[in-house]
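Participant: The structure that follows is given in the form of structure tokens.
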Amino acid sequence: MSVKVKICGLMQPEDTLAALEADADFVGVVFAESKRRQTVESARKVLAPIEKRGGLPFWLTVTEGYPPQEWYFQAAQRLEHTLQGKRPLVVGVFQDQTPEEINRIAEEVELDMVQIGGEDPWEMTSDLHTHTIKTVRGGSASFGEVRIGPYLCLLDSQDSGRGQTFPWDRATRLALQMPLMLAGGLNADNVREAIQKVRPWAVDVSSGVEREGRKDPQLIKEFVRRVREAA
């Protein structure tokens with residue numbers, strides 16, 4: 001199974017085209033407070049190259065009583081199947097925002113998934129109408145804190161979006177127990193080492209494929225190539 005790639009923080013339609021050409025599996029648009037923050041109108045323009053967005057063809061239900069480990073393996077398996085031979089999944093990134101605001105934006109932009117912050121409660125997923133990725137602070141992550149509800153956990157550094165790495169030891173232990181997406185300071189130079197050490201299900205990059213604050217198509221292409229080779 002190949003490691004999946006998420007190119008996050010898209011700001012221009014050209015960024016989306018570059019991610020498509022590089023064969024990324026996920027693309028992310030930020031709606032949280034950030035220098036990359038988008039409005040509904042600007043996000044629609046950024047994502048215009050990707051047609052037929054707006055949801056995934058499966059649901060897991062909490063009432064089925066999955067233990068956390070089985071829940072996340074089931075979700076990863078179904079995400080894997082959804083991604084086969086199809087367009088990348090579109091993720092909206094949120095933090096410290098209400099479920100009502102997230103649901104409204106997800107519907108208006110036709111997002112496939114939403115990503116909530118490290119400080120957002122696990123229970124928030126029950127109020128969201130879109131499949132969810134939950135950010136977890138990688139420096140202190142443990143399997144004991146994991147709850148079901150999100151479909152994927154993203155391990156990031158303490159300051160998301162700032163291109164900072166964190167010690168991968170905890171991520172490595174967590175990745176042995178569940179599929180996860182690894183973020184935090186990744187770039188083409190260190191992603192091979194990260195994959196070999198952590199063995200994540202997916203990796204996430206934003207600033208690591210930028211030059212002077214803008215996405216660089218060559219860096220995106222090189223990052224994805226290094227991931228495919230490492231896997």
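Participant: Determine, yes or no, whether Val203 is open to solvent by less than 10 Å² (accessible area, probe 1.4 Å), in contact (Cβ under 8 Å) with a residue 12 or more places away in the chain and assigned to a strand (DSSP E or B).
Facilitator: Yes: the conditions hold for Val203.
Participant: If we keep just the residues of the stretch 174-231 that are in contact with a Ser or Thr (Cβ under 9 Å, 6 or more places away or on another chain) and of a type in the set (D, E, K, R), which is nearest to Met11 (Cα to Cα)?
Facilitator: Ranking the candidates gives Lys215 first.
Participant: Looking only at the stretch 53-92, filter to residues that are among the hydroxyl-bearing types (Ser, Thr, Tyr) and in contact with a strand residue (DSSP E or B) (Cβ under 8 Å, 6 or more places away or on another chain); which one of those is nearest to Leu111 (Cα to Cα)?
Facilitator: Thr82
Participant: Please verify whether Gln218 is under 17 Å from Ser2 (Cβ atoms) and either surrounded by fewer than 17 Cβ atoms within 10 Å (Cβ to Cβ) or in contact with a Phe, Trp or Tyr (Cβ under 8 Å, 6 or more places away or on another chain) (or both), treating the condition exactly as stated.
Facilitator: no
Participant: Please state which one of Ile105, Ile116 is free of Cβ contacts under 8 Å to residues at least 40 places away in the same chain, surrounded by 18 or more Cβ atoms within 10 Å (Cβ to Cβ) and either out of contact with any Asp or Glu (no Cβ under 8 Å at 6 or more places or on another chain) or more than 12 Å from Tyr151 (Cβ to Cβ) (or both).
Facilitator: Going through Ile105, Ile116 in turn, the sole match is Ile116.
The values are calculated or read from the model by the stated rules, or taken from the named source; none is laboratory data. Here the structure is a predicted model, which is why all the values come from computation and not from measurement. Positions of Cβ are backbone-derived with ideal geometry, glycine not excepted, and every protein chain shown enters the neighbour counts. Each accessible area value is taken on the protein alone, full model and side chains, heavy atoms only, with ligands, DNA and RNA left out. Shrake-Rupley method; radii C 1.70, N 1.55, O 1.52, S 1.80 Å.
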